[in-house]
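J.: Below you will find the structure I want to go over with you.
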Amino acid sequence: MAQPLLDARHLVKHYGSVEALRGASFTAYAGEVVALIGDNGAGKSTLVKCLSGVEQPDAGEIVFDGSVTTLPSPVAARRLGIETVYQDLAVAPDLDPAANLYLGRELVKPGPLGWFGVLDKKEMRRRATESFRDLGVSLQSVDVPIGALSGGQRQSVAVARSVVWASRLVFMDEPTAALGVVQRERVLDVVRRVRDQGMAVVLISHNMPEVLAVADRVEVLRLGRRVARFRAAGTTVEELVGAMTGALPQEDA
Amino acid sequence: MAQPLLDARHLVKHYGSVEALRGASFTAYAGEVVALIGDNGAGKSTLVKCLSGVEQPDAGEIVFDGSVTTLPSPVAARRLGIETVYQDLAVAPDLDPAANLYLGRELVKPGPLGWFGVLDKKEMRRRATESFRDLGVSLQSVDVPIGALSGGQRQSVAVARSVVWASRLVFMDEPTAALGVVQRERVLDVVRRVRDQGMAVVLISHNMPEVLAVADRVEVLRLGRRVARFRAAGTTVEELVGAMTGALPQEDA
Amino acid sequence: MSDRTVKQRLFGANTLWIGLVLISLIAVFGAIRPDAVLTTFTLQTTLVETSVLLVLSVGMTYVIITSGIDLSVGSVLVFSGVTSAMTMNALNGGNATNAGWGTVFVGLLVALVSGAAWGLLNGVLVAKAGIPPLIVTLGSFGAALGAGQLLSNGSNVAGVPNVLSSSLGTGTWFGVPNLVLLAAVVTAIGALVLGTTRFGRYTHAIGSNEEAARRVGIGVTGHLVKVYLLAGTLAGLAGFMALAYFRVASITGHDTDNLNAIAAVVLGGTSLFGGSGSVVGTVLGVFIPAVLRKGFVIVGVNVYWQPVAVAIVLVAAVWFDQSRRRARKRR
Amino acid sequence: MSDRTVKQRLFGANTLWIGLVLISLIAVFGAIRPDAVLTTFTLQTTLVETSVLLVLSVGMTYVIITSGIDLSVGSVLVFSGVTSAMTMNALNGGNATNAGWGTVFVGLLVALVSGAAWGLLNGVLVAKAGIPPLIVTLGSFGAALGAGQLLSNGSNVAGVPNVLSSSLGTGTWFGVPNLVLLAAVVTAIGALVLGTTRFGRYTHAIGSNEEAARRVGIGVTGHLVKVYLLAGTLAGLAGFMALAYFRVASITGHDTDNLNAIAAVVLGGTSLFGGSGSVVGTVLGVFIPAVLRKGFVIVGVNVYWQPVAVAIVLVAAVWFDQSRRRARKRR
Amino acid sequence: GGGGQIGDSGTSGNTKKMVLIPGVAAEPFYISMECGFREAAKAKGYEVDVQAPAKFDSTLQTPIVTGVLANKPGAVLIAPTDDKAMAGPMKQLKDAGIKVVEVDTKLEDTSIAVSTVSSDNEQGGQLAAQTLAKLVGGKAGSVLVLNTKAGTSTTDARAKGFEDEIKKFPNLKYVGQQYTDNEPDQAASKVTATLAANPDLVGVFATNLNTGEGAATGLRNAGRTGAVNLVGFDASPKQVEDLRAGAVQALIAQDPATIGRTGVEQAIAALEGGTVERDIETDLVALTKADMDANEKYFYKQKC
Ligand SMILES: Nc1ncnc2c1ncn2[C@@H]1O[C@H](COP(=O)(O)OP(=O)(O)OP(=O)(O)O)[C@@H](O)[C@H]1O
Ligand SMILES: Nc1ncnc2c1ncn2[C@@H]1O[C@H](COP(=O)(O)OP(=O)(O)OP(=O)(O)O)[C@@H](O)[C@H]1O
Ligand SMILES: [Mg+2]
Ligand SMILES: [Mg+2]
């Protein structure tokens, strides 16, 4: 198999006396969808935060594109082409959907106004509307702050933001949890499309049929450690659940 | 059929220029699980808020237990025996799980200390730990503020809170969205158990297999209106999706 | 699952490091001027001089934990002192200096009621009318002072009963000044109520997520009214204490009581955004600036340097506290 | 999907009702004393007297939108005035009264740099060291004032160039006082930057959800430093304006500038919890208390009633604004 | 083309009206001055108004001056809160044809007011030093000055006068001044701290009412009332009572009512074409328990 795009080895992360990661490893290859599954509290979100620069692991090693790297901040991860949909969404509730989509990457007006950083709100709103249409999201008004949107609408904005900007790797922490049936299908389509462009997609989900439908590989986290890896093809839901709950014999993978 | 426990008729709710509910009706009977489904932004959460006293509908009528009623506040709804798991969870992030579970219904120490409202923290913690065990939730520490828990752990606390206190009706707005496979099954078991005690359970979910597995009836909301009702037995996922998306001919039900 | 001890719950690990700061400050000043700093006299006077602020700050702690703020405490203190002193005088033909305990008791009652009235007004405007606490209490900051001036015609009110000033004002009990005892009792009750009772729990819950508190059926409006009422009543009590201590209801000189109390609360680790905090932290937060000011005078720091030095130590203390706390969290 | 006009975006519907309050206040005073209120003179002086506070409040608006607070502005104003006046005097052998434009220009520069230095210090301590803004700026509130006193040896600094005070201080341009022009330009730029540029967008984003802003790659630390730097620099400018207007760098009398500025911002509809707000709102928030105070003097309200009346109108204005806004939302 | 100065436009007002702008509201000193002012002005048939800032502060006094200016009274009696900062606003009064009389304090710029009626604060400080020295007698010991806020011109002048004069008494060691932010509780704290550091403290000069009250409290708390001589400034009823009760050993009193009355006389002279005296100094006296009853006329009033 080719060199992994991202290889995290034996990450450890403590919060006070709580051990969220106890030597977790994780691997993602370019051009694949890898599902990261595990019970509630297994450490999936913590792993994602460590791998997107939000948290700093207490121990362990991260290899990106063949070279050992540290991710001191989200900016560092973004610079490597890593985008993330966080489980807690990380949107600015007082800003409208377009502003959230372009947050940190605003478009400015062409010409001298742009030199002063004057925003091209119209263009951002137009393009945002387009992105939302792609994801099957319908908004009654684009002018309301995102805090007033429905749960699913808010999640769609976060998903749209990550896929618009990613170039190498996308982490998606339960991106479909609040989505309707149609929107969920659209997002899974987007996931496949992104994969086909050669990026790696890491999908966290508690929906096993969904995992098996879209993922190429599955890695299983349990109590802060990777305990199993599967090729999705030919694996059954029972096997996955067994690995997550520890019913199947564990191996420190 | 018996008299409905809750019958909401033609509710209307505006947020500024956004019409969240445009004459939505909804019915729930005692001793049944009724699923409320619909696309993102269909108005499900808004309906739940109107029926649990958090928001006031602009028009329409609510009949509870045969008599027309208004729900001016969540306290009013609670007094009628209505409990709710909100989609945004509505927990106090700085308090620990036990405190959240007992929020608004704290146990006080027996004897004179109790007259002064001194809390029996130990007992609350003990019972909370039990409730969590029932729901299959494992917490590494019960002393951390709930804001530091994983998404699924937090959701489990909210679910536990509602089922512990309900006596007539439980609204659950996407209670399983962030739950792991095991925890989800446990919650669905709890839903059935609550139903069997004679309460009505209103379950909102985007997971159609789950809906068909646990619900007795299904009501479908679309663009702020009820557009279809099904008996769960014998209904297929395709029919539900058709009703939600408007692919099937609509009827103002 | 580990269980916390009562001590841990009451103090909260949050107050450990800021407590250390206080101790080291005393140690430093003590090392420079042991003869003047480590004496009963300095201890007594420091405690007495912080009593009034301490009582104000206990109420402020509750308010800030609900994510509110109360700028009016200093003015309410003045107003209560004025009404109390004027009532006592009126009961005694214009001068209560030689009045008895009955008068003092009425005076206390009037002070408490006056404070409570302003607290109630604040609470109702904040909780029921939904006006931001900053605006409401900025309003009562001005209004209570103005009302006090109107009543007293703008000047200080004298005529405080001697029995009051010699008992509560300067009396001691086994060497502990009575004023300090009163403040300590208020503080202890405040700490216990906040840390162990339903009232305290609701205070935290409302500050943490007001909407969630409302949805679980906590009477948020009523509770907020009570919290502001508490702060107002304590300000009234503080006004009465100041009366006993200074023997006069003075009109000016309390403009910065509000900022001092807020600073003490925040210094003690309570977040201005609400949801968490402790009275024990507030106590430390009251004493750090007091010890500094006192210490600088004793040690003889240049008067113009004093505010600068206080500022530096304050900021450094919080910085130390925060970075220690963060390190502990990381461990 | 409706599109908002530029006007709507700049003003925000939030400022409509509070604007109405301001207009009706003027109307009421105008009806009582049309001869004294609705004159060019009263207009001019009211505008001039609010110019300095307006400049402070523009900076404060940014700080509060990031969910911070800046208590130090008044002291920074004093410090900047002192350094500027002392530098101008030093350049002219101890008395700059008759100095020329070169001196004035240097003085301006010194004032701006002094303000910026304190702003930078605040920003670094808040953003990099993570100390709560209330504590940091309470510290610099004391420290900047103390430093100003140290420099000036505790007394006011006179010797302001005549060319400065007669031009910027009291000069007019087609009837508009120059001080007002300057404040208007600052305010307009402040409003445009906040409402239309990336800088303004980031300010809102950080106040709305700092963690989200950090995760999308906004340099939160740097931005916060810039915001406090801005507030400090504007306080420096305000110090220079006060110098021109009062012809003296005064040490006292700026203790409540911070609260006045904060009140103006909150009155203008900006939330203390950050995330939303507008400079236009702040302008209204500055003028309402100013108009009230002026009106009460002209109409001849009893001095002790004035603070009470101001308080009542303030609270009522916000209450009216809020209930109107809520009604609009319901519609 | 568009240049000009504020207040270029103007209208005429009521010359039979007189306004007093004290330095701060609610101080017996200014209230007593107001009493003298009202009495004298009413006797001559003038309409009167009093507008005081909430604090002794030029930024608060300025809007009052311009607000009063909008009403165009005939004369204004004012206690400028800053000897330079108030020059601008007061010049506008003069430019509008209003007769300006300075009471209590004065501007550096002597061209604005027609007359100045005041007692000399610096001299008051000197008097305080002399009084304190007399009270202490020959004993050696430290003396402290409690000042309000740095930059407050009146109290700074009192402190300066005291500081200059106290050097003439070699038995008294001046340990410097402490600022109290004009808060009684800080004054109390600074006194007890000074006592801790300098147990030989024999005298305290408190430069105004609040510092005096705080100092008395601090001394009482320390059990040193009377042992440490406290000299206060001004003679408000409470201070007089404290003097009588022995909490304070001496008070430096001004004569505010006379200042107010004389101010009115000068204003009327200026308005009606009489002779105006440019500078008038009123008396300052030191009151001690022994001679206080003889000097009752110097006691300030709470209300007229
Ligand atoms: N900031 C924090 N402080 C303390 N404990 C934390 C913190 N963040 C996470 N934890 C703990 O670390 C463990 C792992 O949390 P994490 O959020 O990574 O789980 P997860 O696998 O994402 O779960 P879920 O499926 O429910 O989202 C949990 O026990 C959680 O309580
Ligand atoms: N406070 C609010 N202000 C403005 N619009 C709102 C508000 N709350 C809800 N809405 C709008 O009302 C509509 C219905 O929202 P609601 O949350 O009820 O949808 P939902 O059916 O629960 O969707 P989801 O499945 O995504 O949770 C959405 O278009 C939403 O944007
Ligand atoms: Mg997670
Ligand atoms: Mg919903």
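The values are calculated or read from the model by the stated rules, or taken from the named source; none is laboratory data. All values reported here derive from a predicted model rather than from experimental measurement. Don't worry about glycine lacking a Cβ; one is built from the backbone with ideal geometry, like all the others, and counts go over all protein chains shown. Heavy atoms of the whole protein, side chains included, go into the accessibility calculation; ligands, DNA and RNA do not. Shrake-Rupley method; radii C 1.70, N 1.55, O 1.52, S 1.80 Å.
J.: Which residue, of B:42, B:90, B:30, B:98, is more than 14 Å from chain A (Cβ to nearest Cβ), in contact (Cβ under 8 Å) with a residue 40 or more places away in the chain, in a loop (DSSP other than H, G, I, E, B) and out of contact with any Ser or Thr (no Cβ under 7 Å at 6 or more places or on another chain)?
T.: After applying the criteria, what remains is B:30.
J.: Right, residue D:80: of a type in the set (Ser, Thr, Tyr) and outside any helix (DSSP H, G or I) or not?
T.: No, not satisfied.
J.: Another question about this same structure. If you check every pair at least six apart or on different chains, which have Cβ atoms under 7 Å apart with a residue in segment C:139-166 that is β-branched (Val, Ile, Thr) first and a residue that is open to solvent by 40 Å² or more (accessible area, probe 1.4 Å) second?
T.: That search, which allows pairs on different chains as well, returns C:157/C:86; C:160/C:247; C:163/C:101.
J.: May I ask you to list pairs of residues, at least six apart or on different chains, whose Cβ atoms are under 6 Å apart, with the first in segment A:202-227 being facing chain B (nearest Cβ under 10 Å) and over 17 Å from residue B:184 (Cβ atoms) and the second being within 12 Å of ligand 1 (Cβ to nearest atom) and part of a loop (DSSP other than H, G, I, E, B)?
T.: From residues that are facing chain B (nearest Cβ under 10 Å) and over 17 Å from residue B:184 (Cβ atoms), the pairs are A:224/A:43.
J.: Let me ask another. Hey, among the residues in segment E:68-89 that are within 7 Å of chain D (Cβ to nearest Cβ) and assigned to a loop (DSSP other than H, G, I, E, B), which one's most open to solvent (accessible area, probe 1.4 Å)?
T.: Looking at the filtered set, the residue picked out is E:84.
J.: Exactly one of these conditions fails for residue A:152: (1) more than 16 Å from ligand 4 (Cβ to nearest atom); (2) part of a helix (DSSP H, G or I); (3) open to solvent by less than 30 Å² (accessible area, probe 1.4 Å). Give me its number.
T.: Among (1) more than 16 Å from ligand 4 (Cβ to nearest atom); (2) part of a helix (DSSP H, G or I); (3) open to solvent by less than 30 Å² (accessible area, probe 1.4 Å), the lone unmet condition for residue A:152 is (1).
J.: Next question. Could you tell me which numbered condition residue B:158 fails, if it satisfies all but one of (1) under 25 Å from residue A:182 (Cβ atoms); (2) within 16 Å of ligand 3 (Cβ to nearest atom); (3) within 14 Å of the chain's Cα centre (by Cα); (4) not basic (Lys, Arg)?
T.: (1)
J.: Next question. Select from segment E:175-200 the residues that are within 7 Å of chain C (Cβ to nearest Cβ), on the phi < 0 side of the Ramachandran plot and assigned to a loop (DSSP other than H, G, I, E, B) and list them in ascending order.
T.: E:183, the sole residue that qualifies.
J.: Another question, if that's okay. Take the residues in segment E:43-62 that are over 19 Å from residue E:152 (Cβ atoms) and assigned to a loop (DSSP other than H, G, I, E, B); name whichever of them is nearest to the other protein chains (Cβ to nearest Cβ). Write out each step before concluding.
T.: Going through segment E:43-62, the residues over 19 Å from residue E:152 (Cβ atoms) turn out to be E:43-51.
This time we only want the ones that are assigned to a loop (DSSP other than H, G, I, E, B), so: E:44-46, E:51.
Numbers: E:44: 21, E:45: 19, E:46: 15, E:51: 6 Å.
Filtering segment E:43-62 for residues that are over 19 Å from residue E:152 (Cβ atoms) and assigned to a loop (DSSP other than H, G, I, E, B), the one nearest to the other protein chains (Cβ to nearest Cβ) comes out as E:51.
J.: On the basis of being polar (S, T, N, Q) and in contact with a Lys or Arg (Cβ under 8 Å, 6 or more places away or on another chain), does residue E:210 make the cut? Even if it seems obvious, please write down each step before you answer.
T.: On the way: polar (S, T, N, Q): yes; in contact with a Lys or Arg (Cβ under 8 Å, 6 or more places away or on another chain): no.
When the stated conditions are applied, residue E:210 does not pass them.
J.: So, in segment B:49-68, exactly how many residues are within 16 Å of ligand 4 (Cβ to nearest atom), open to solvent by 20 Å² or more (accessible area, probe 1.4 Å) and either part of a loop (DSSP other than H, G, I, E, B) or farther than 22 Å from residue C:215 by Cα (or both)?
T.: Count: 2.
J.: In segment B:135-164, which residue that is near ligand 1 (Cβ under 8 Å from one of its atoms) and touching a strand residue (DSSP E or B) at 6+ places or on another chain (Cβ under 7 Å) is nearest to residue B:100 (Cα to Cα)?
T.: B:144
J.: State whether one or more residues within segment A:73-84 are within 16 Å of ligand 3 (Cβ to nearest atom), modelled with pLDDT of 90 or more, over 30 Å from residue D:190 (Cβ atoms) and within 14 Å of chain B (Cβ to nearest Cβ). It would help to see each step written out before you state the result.
T.: To start, the set of residues in segment A:73-84 that are within 16 Å of ligand 3 (Cβ to nearest atom) comprises A:84.
Subsequent filtering for residues that are modelled with pLDDT of 90 or more retains A:84.
Of the ones still in play, those that are also over 30 Å from residue D:190 (Cβ atoms) are A:84.
If we keep only those that are within 14 Å of chain B (Cβ to nearest Cβ) too, we end up with none.
No: segment A:73-84 contains no residue that is within 16 Å of ligand 3 (Cβ to nearest atom), modelled with pLDDT of 90 or more, over 30 Å from residue D:190 (Cβ atoms) and within 14 Å of chain B (Cβ to nearest Cβ).
J.: Now for a different question. hydroxyl-bearing (Ser, Thr, Tyr), assigned to a helix (DSSP H, G or I), at pLDDT 90 or above and open to solvent by less than 10 Å² (accessible area, probe 1.4 Å): is that true of residue D:137 in this structure?
T.: The answer is yes for residue D:137.
J.: Here's something else I'd like to know. Where the second residue is part of a strand (DSSP E or B) and of a type in the set (Lys, Arg) and the first is within 14 Å of ligand 4 (Cβ to nearest atom) and lies in segment B:11-22, which pairs have Cβ atoms under 9 Å and are six or more apart or on separate chains?
T.: Within 9 Å, the pairs are B:13/B:22; B:20/B:13; B:21/B:13; B:21/B:225.
J.: Determine which member of the set A:174, A:130 is within 13 Å of chain B (Cβ to nearest Cβ) and under 22 Å from the mean Cα position of the chain (by Cα).
T.: A:174
J.: I would also like to ask the following. Condition check: in a loop (DSSP other than H, G, I, E, B), without any contact (Cβ under 8 Å) to a residue 24 or more places away in the chain, aliphatic (A, V, I, L, M) and away from ligand 1 (no atom under 16 Å from the Cβ). Does residue B:71 satisfy that? Can you show your working first?
T.: Details: in a loop (DSSP other than H, G, I, E, B): yes; without any contact (Cβ under 8 Å) to a residue 24 or more places away in the chain: yes; aliphatic (A, V, I, L, M): yes; away from ligand 1 (no atom under 16 Å from the Cβ): yes.
Yes.
J.: Another question, if that's okay. Could you count how many residues in segment C:29-58 are free of Cβ contacts under 8 Å to residues at least 40 places away in the same chain, open to solvent by 50 Å² or more (accessible area, probe 1.4 Å) and part of a helix (DSSP H, G or I)?
T.: Here the count works out to 5.
J.: Also, I was wondering about something else. Sort out which residues of segment A:110-125 are more than 9 Å from every other protein chain (Cβ to nearest Cβ) and crowded, with 16+ Cβ neighbours inside 10 Å, and write them in order of number.
T.: Correct list: A:120, A:124.
J.: Within segment B:36-48, restricting attention to residues that are more than 17 Å from residue A:147 (Cα to Cα) and crowded, with 24+ Cβ neighbours inside 10 Å, which residue is farthest from ligand 1 (Cβ to nearest atom)?
T.: B:47
J.: Checking the condition within 11 Å of chain D (Cβ to nearest Cβ) and at pLDDT 90 or above, which residue from E:65, E:117, E:100 passes?
T.: Just a single option satisfies the conditions, and that option is E:65.
J.: While we're looking at this one, here's another question. Looking at (1) in contact (Cβ under 8 Å) with a residue 12 or more places away in the chain; (2) within 13 Å of the chain's Cα centre (by Cα), which is the only condition residue E:116 fails?
T.: Condition not satisfied by residue E:116: (2).
J.: Please go through segment A:132-149 and pick out each residue that is without any contact (Cβ under 8 Å) to a residue 24 or more places away in the chain, open to solvent by less than 40 Å² (accessible area, probe 1.4 Å) and within 14 Å of ligand 4 (Cβ to nearest atom).
T.: Once the filter is applied, which keeps residues that are without any contact (Cβ under 8 Å) to a residue 24 or more places away in the chain, open to solvent by less than 40 Å² (accessible area, probe 1.4 Å) and within 14 Å of ligand 4 (Cβ to nearest atom), segment A:132-149 yields nothing.
J.: If I ask for residues that are away from ligand 2 (no atom under 16 Å from the Cβ), closer than 23 Å to residue B:8 by Cα and among the charged types (D, E, K, R), which ones from segment B:139-195 would you list?
T.: B:168, B:195
J.: What is the residue count in segment B:165-218 for residues that are outside any loop (DSSP other than H, G, I, E, B) and out of contact with any strand residue (DSSP E or B) (no Cβ under 6 Å at 6 or more places or on another chain)?
T.: 18
J.: If a residue has to be within 16 Å of ligand 2 (Cβ to nearest atom) and charged (D, E, K, R) to count, how many in segment B:67-113 make the cut?
T.: 1
J.: Mind telling me which of the residues E:247, E:257 ends up being touching a residue at least 12 places away in the same chain (Cβ under 8 Å) and closer than 30 Å to residue E:97 by Cα? If you could, list the steps in order and put the result at the bottom.
T.: Numbers: E:247 fails: closer than 30 Å to residue E:97 by Cα.
From the options E:247, E:257, the qualifying one is E:257.
J.: Taking residue C:203, is it open to solvent by 20 Å² or more (accessible area, probe 1.4 Å) and assigned to a helix (DSSP H, G or I)? If you could, list the steps in order and put the result at the bottom.
T.: Working: open to solvent by 20 Å² or more (accessible area, probe 1.4 Å): no; assigned to a helix (DSSP H, G or I): yes.
It is false that residue C:203 is open to solvent by 20 Å² or more (accessible area, probe 1.4 Å) and assigned to a helix (DSSP H, G or I).
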